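Right, one structure below, let's go through it.
The values are calculated or read from the model by the stated rules, or taken from the named source; none is laboratory data. Keep in mind it's a predicted model, so treat the numbers as computed, not measured. With ideal geometry, Cβ positions are generated from the backbone for all residues, glycine too; neighbour counts draw on all protein chains shown.
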């Protein structure tokens, strides 16, 4: 193979790797958003994972757009808290928009009733394009669900 053909092949490989491959990977992903982090905070914003009955557990969620262009997406972020028996004891939600490449952080506060059962609670986080009853057949999950556990004493 001649030197010019070798250089040409290398340049084509670099172009494919540098410009096309990242876009193919993004388009091949199942979700346009990522729940990049979920943690529990006290009411002052300090990271903690144990709360007393009567306190407030803040579930902080960091959401990141995996898209590399500036298209704005509307989203519905849902936080569901389950008690140690598996019953839903709280549902909170946030609606907002996010632009390609952007990261946003928000939270939902769960006021723990004084008569709550002590034990391990699970906060599950979902990110959808809208409520299924509103979106109908165009309903989509924008991110893989995530969760965090915390204790109530």
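Which numbered condition trips up residue 3, out of (1) at pLDDT 95 or above; (2) loosely packed, with under 13 Cβ neighbours inside 10 Å; (3) over 25 Å from residue 151 (Cβ atoms)? Status for residue 3: all satisfied but (1). When segment 112-131 is filtered for residues that are surrounded by 12 or more Cβ atoms within 10 Å (Cβ to Cβ) and without any contact (Cβ under 8 Å) to a residue 60 or more places away in the chain, the ones remaining, listed by number, are 117, 120, 122, 124, 126, 128, 129, 130, 131.
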